[in-house]
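Working notes, beginning with the structure itself.
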Amino acid sequence: MRRTRPRLAAFLPLVALLAVALASQAQRPSAPPPDAASDSVEIAVPTVVADGATLAALAPVARRLGGTLEEHPGGSWSLAFGEERVLFGPDSSALAVGTEVLPLSRAPQVVGGAIYVPADFFERVYARFGGWTTSLDAGRLTASRRDGRTLAVSTDAVHLQGVTTVVLQFPARPRFEIEERGASVVVELAGGDRVESLRPRPVDDPLVEAIEIAGERIVLRLAPGAAVESYTLESPFRLVFDVHRGAGVAAGEPEPPALEPPEPPTGIRVIVLDPGHGGSETGAIGPSGVAEKDLTLALARTLAARLEAALPVRVVLTRDEDANLPHETRTAIANQNKADLFLSLHLNSAFGPTAHGAETYFLSTAASDERAARSAAEENRPGGAAPAAGAAAGDDPLYDLQLMLWDLAQNHFLSESQRLAKLIQGELNSTLGLRDRGVKQAPFLVLMGAAMPAVLVEVGFLSNPDEERRLQDAAYRAELADAL
């Protein structure tokens, strides 16, 4: 799969918000940051408690550590650092920095007209903009300048269909600059940071000849004619390089014939629906004995008919019968059909009978909250059986590496997946009056490998007798399909 940067359409909501911010007549100059010589700052901040989590007011921190804080029409907020903006809002447990979407432990909240954010907001934002480490305790935020550190960096290089992806993973975000010098890419660390190689590995790759790590420098030696693009990912921090053949032709290779590139297709043409579970994997079981696998298949069939009747699309079901289907086969079907969207349909379950409402997920290596982590663990286990407390989503020692590599692939569709998830969640809530359980991120195996925007929807709780009864009603499933 030749991975490219996300399409412009994926960022139109962020571009629109940025345009609103630039057009605002209430522009204020950025608050001056503390003196560069200051090693530590303590800030008194008002706090509130929401769902057992402490949120702190952002405004007093922005005044001390820097950043111009603004509210925008529609309830969105931004925190500007010069030309760069952090975008966030009370309806999402995530924030956007440029083209990156980063998860938060809790969604921000507006209290008395002021925006309150979780502690990891300060960690994510002010580590990047100012090099601060932060801690929140009893209404005081302590921010400290990071001293020079020695960071252990691990490396991975994967070559797939003409593109080599090099991943440099750090235990914390370093201070660095990237410079291309001839046939090499040099990462220079700054601010006293140093690196040491963790598990050094020889490189055997057609595009990357060597990866050298020493002191304040990491050097990627590229093959002649190779070109490179770089970007970063968070949680954990990763510096990623996509290396591919340059525009020129390598020595000894024949000049290819000049061809006019075909016009790329526009719009959504193929949608793949994935009815969760199947065969011996029953998924959740309701109080009356109905199985999740049967209801997801019935809903998928109804939704497929609705989509093809309403839109000029082809709809493919990963399964159209009661059959076992591995997680990786489901996304492989979507890739083989060159799908534009992938939607996996599931039903939720809880230990008590009162939980209700819908949740929509998109892929992340780190769950957005504890409940999201449990949901992914339950869906990732064979049969969908409830895992033991603290069970990991995957027991295979290669699981973390596999998920990380597919997370890199899905990262190119992250903004589109998040936007799709928000649209679905909002429509389910407004049309059917379901309790809004929010848009979340989690490491669902069924979303790994999808080379298109992909989401997983838990349309209701099968453990709730009232929701179970409604989900067995064909008329209600038709309403669900219409909303989707």
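The values are calculated or read from the model by the stated rules, or taken from the named source; none is laboratory data. Values in this document were obtained by computation on a predicted structure and should not be read as measured data. Counting neighbours? That spans all protein chains shown, and the Cβs are built from the backbone with ideal geometry, glycine included. Side chains are part of the model used for accessible areas, which takes the heavy atoms of the whole protein and leaves out ligands, DNA and RNA. Shrake-Rupley method; radii C 1.70, N 1.55, O 1.52, S 1.80 Å.
See the values below:
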quantity	calculated
Segments classed as strands (runs of 3 or more DSSP E), wholly inside the stretch 48-90, with at least 2 members that are farther than 12 Å from P118 by Cα and either polar (S, T, N, Q) or at pLDDT below 85 (or both)	77-81, 84-88
Residue check, L434 at negative phi, in a loop (DSSP other than H, G, I, E, B) and not aromatic (F, W, Y)	yes
Members of the stretch 164-186 found to be open to solvent by 30 Å² or more (accessible area, probe 1.4 Å) and within 19 Å of R245 (Cβ to Cβ), listed by number	E180, G182, A183
Cross-chain or 6+ apart pairs with Cβ under 7 Å, the stretch 459-477 first and part of a loop (DSSP other than H, G, I, E, B), then buried (at least 22 other Cβ atoms within 10 Å of the Cβ) and β-branched (V, I, T)	none
Residues satisfying the stated conditions in the stretch 313-335, i.e. at pLDDT 90 or above and farther than 22 Å from G460 by Cα	V313, R314, V315, V316
Any hit, the stretch 363-383, residues being at pLDDT below 50 and either under 28 Å from P287 (Cα atoms) or not in a loop (DSSP other than H, G, I, E, B) (or both)	yes
Cross-chain or 6+ apart pairs with Cβ under 8 Å, the stretch 118-135 first and more than 15 Å from S93 (Cβ to Cβ) and open to solvent by 20 Å² or more (accessible area, probe 1.4 Å), then part of a helix (DSSP H, G or I) and among the aliphatic types (A, V, I, L, M)	G130/L65; T133/A127; T134/A119; T134/A127; S135/A119
Condition met for L104 (at pLDDT 80 or above, over 30 Å from K338 (Cα atoms) and of a type in the set (A, V, I, L, M))	yes
Residue that is most open to solvent (accessible area, probe 1.4 Å) [pool: residues in the stretch 136-151 that are small (G, A, S) and at pLDDT 80 or above]	A138
